[in-house]
1. Roughly how big is segment 29-103's charge dipole about its Cα centre, with Cβ charges of +1 (Lys, Arg) and -1 (Asp, Glu), in debye to the nearest 20?
2. Once label points are set 7 Å from the Cα along Cα→Cβ at both residue 98 and residue 74, what is their separation, rounded to one decimal in nm?
3. For segment 29-103, with the dipole built from +1 on Lys and Arg beta-carbon atoms and -1 on Asp and Glu ones, taken about the Cα centre, which of 80, 63, 36 lies farthest toward the positive end?
4. With a Förster radius of 30 Å, plug the Cβ-Cβ distance of residue 105 and residue 55 into 1/(1 + (r/R0)^6) and report the FRET value to the nearest 0.05.
5. What share of Cα pairs, in percent, lie more than 17 angstrom apart in segment 29-103?
Amino acid sequence: MTVLTIRSIFFAIFISASMVCSSFAQKSIGKVKGVIADQTDARVARARVLIENKKLKKKFITNDAGEYEIELPIGIYKISAEVDGCYPSKKKRFRLKLNQTVQFNFTPICIRNDIDHP
């Protein structure tokens, strides 16, 4: 065997191994998305969303349309949302499966600060 043939074989093995590793990495995730909207269905921009489990804690902000979307490793998580001037949402527990998209929409209950409210 020539040196060129041996290098070609090693290159082919390296490329094949890289493709296998990347395909495993791509398949070990799922997606969580949703919308934060108030009781009149108006979208809430810049709401805080928290997703956590024993190994991971992610905090992020909704976009101007009140939407969020994140890719996560498969596993069991808790999700909650917070909006200024509102009570924090209850944490919801869920299992994210391989290549699954889970949707959680939140409707925050806001605290009234008007004179008529006791």
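We did not get these values from a lab; they are worked out from the coordinates using the rules stated. Please read these numbers as outputs of a predicted model, since none were measured by experiment. Here Cβ is always computed from backbone atoms with ideal geometry, including for glycine, and neighbour counts include all displayed protein chains.
1. Using Cβ point charges on Lys, Arg, Asp and Glu, segment 29-103 gives about 640 debye.
2. Label-label distance for residue 98 and residue 74, simple model: 0.4 nm.
3. Of the options given, the answer is 80.
4. Once rounded, the FRET efficiency stands at 0.70.
5. 42 percent
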